[in-house]
Amino acid sequence: MENRPIQAIINRGAIDHNVSVIKKLSGNANVFGVVKADGYGHGLRRIYPGLSALDGLAVIELEAASYLRTQEATRPILLLEGVFSPQELNDAIQLNLDLVVHSDRQIELLEQCDSSSSVNIFLKVNTGMNRLGVSPKHVVQCYRALQNCIAVKSITVMTHYADADNERGVDWQDAKLLQALGSMDVPVSKSNSAALIRFESQNEAWVRPGIMLYGVSPIESISALSLGLRPVMTLKSEIIATQDLNAGDRVGYGGTYTAQSNVRIGIVAGGYGDGYPRSMKNGAPVLVNGTRAPIVGRVSMDSFAVDITHISQARINSDVVLWGEGLPVEEVAQHAGTIGYELLTRVTQRVPFVCFD
Ligand SMILES: *Cc1c(COP(=O)(O)O)cnc(C)c1O
C-alpha cells in the first residue's frame, strides 16, 4: 500500500555481470565481495542470490556474518574489523568466520582462547591509512605471536589503500608493506575496487572489491560504463505536480533558485526524507522520461523541483530517475559534495525496494 511513487529498484542480474568483470581483473586471486553496511545499502538479503560466484564475502557486522552463515556452511566469511570481546570471538568461531586482527588487544583475545576449532586470520598492517592496523615495525612479532595461538589456523597479511583512486596510488604503501615483511613470504590481501581497476591484482591471495559489485566506479576519471559495470540500484520516482513560472519567480525554501525567463518545472516525489540529500545543488541532473534535466531550488524532505521546460512531453506521472540506470550515482553524488557510496547507503526506510533478476 504505497501512495508515493519513489522506489529503489535492484537489478540482480547486474550483480552477476559485475562479478564477472571483477573476476577478470582479479586474475588468480580469490575474491571477497564486500557486502558491509547491508550490501552498501542495497539490502544484503536482496542481493545475496547474486553473490554465488564470489570466493568469499566480507562484512563488518557480526549480525550480517551470522545471517550469511545460516545461508551457507563453508564459503569464507571475513569480519573486516574482527572481534572486540571474548564473547564475540566465541561467536565468530562458532560461525566459522575468518577474522581481521588489527590490534594487540585482538591478538591477546586469540592468545587467551583455547577453542578446539581454529580460525583463519587476516593480520592487518597500518601502511599509512592510520585507521586500523598494527605498526609495520611489529608485523613480524605479531605474526609469530599468532602462529603460536592454538586457535589460529592460517595467517594472511592484509593492508588497506588510502589513495588507490588518486594520483598518489598504491606504490608507497606497497613499499612499506614489503619492508615490514622483510624475507617473510606470506599470502597477502590488499586491493579494494580502485586498486583492482587501476593496478589489477598483484599476486594477492585475496582481493576485496566492494563498490564495483554494485556497478559504481570509485575513480572520478573512469566511468563505470567504460569498465563494463552495470548499476545495481536505480532510485526512481515520478513527477507529481507541475508549475509554470515567470521570470523572477523563486522555487522552494529560501528561494535559492530564481527563474530567469518563463520556465516549466516538475515537482518530484523524493527528498532528504528518502535519502536524496538536501546538499544537492541547483543543476544536479535527473532523468525525466530518459532526458537529463537540472534540479532547481532546495531539496525538501519529500520533494524537489526540476526544470522540464525543454521536455515538452513531461507531465504528472512522468518517470524520474534520481540515480542508477542511465545516470551514474557517482556523478550525481558530486553535485552534493559526496561520493556514490554515501548516497547508496543512505536510502531511508520509507523507500520501498523492488528486485528483479
Ligand atoms: C569497504 C572495504 C573494502 C571495499 O572497498 P571498495 O572501495 O568499496 O572497493 C575493502 N577492504 C576493506 C578493509 C574495507 O573496509
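For this structure, a couple of remarks:
- Flag if D185 is farther than 24 Å from H335 by Cα and of a type in the set (D, E, K, R): yes
- For segment 149-159, the condition of being away from the ligand (no atom under 12 Å from the Cβ), part of a loop (DSSP other than H, G, I, E, B), outside the structural domain of I267 (by TED's automatic domain parsing) and surrounded by 24 or more Cβ atoms within 10 Å (Cβ to Cβ) holds for none of the residues.
- Among the residues of segment 160-173, just one is in a loop (DSSP other than H, G, I, E, B) and more than 16 Å from the ligand (Cβ to nearest atom), namely E167.
- Hey, L80 within 16 Å of the ligand (Cβ to nearest atom), of a type outside the set (D, E) and touching a residue at least 40 places away in the same chain (Cβ under 8 Å) or not: yes
- The listed residue being assigned to a strand (DSSP E or B), out of contact with any helix residue (DSSP H, G or I) (no Cβ under 8 Å at 6 or more places or on another chain) and away from the ligand (no atom under 14 Å from the Cβ), out of N203, N120: N120
- Members of segment 176-200 found to be more than 16 Å from the ligand (Cβ to nearest atom) and either crowded, with 19+ Cβ neighbours inside 10 Å or of a type in the set (S, T, N, Q) (or both), listed by number: Q179, A180, S183
- Evaluation of S237 against the conditions (1) of a type in the set (S, T, Y); (2) farther than 24 Å from H138 by Cα; (3) under 15 Å from the mean Cα position of the chain (by Cα) shows that the sole unmet condition is (3).
- Residue-level analysis places G33 outside the set of residues that are in contact (Cβ under 8 Å) with a residue 12 or more places away in the chain, of a type outside the set (D, E, K, R) and more than 13 Å from the ligand (Cβ to nearest atom).
- Test for C142: is it crowded, with 17+ Cβ neighbours inside 10 Å, in a loop (DSSP other than H, G, I, E, B) and more than 16 Å from the ligand (Cβ to nearest atom): no
The values are calculated or read from the model by the stated rules, or taken from the named source; none is laboratory data. These numbers come from a predicted model, not from an experiment. Note that we place each Cβ from the backbone using ideal geometry, even for glycine, and neighbour counts take in every protein chain shown.
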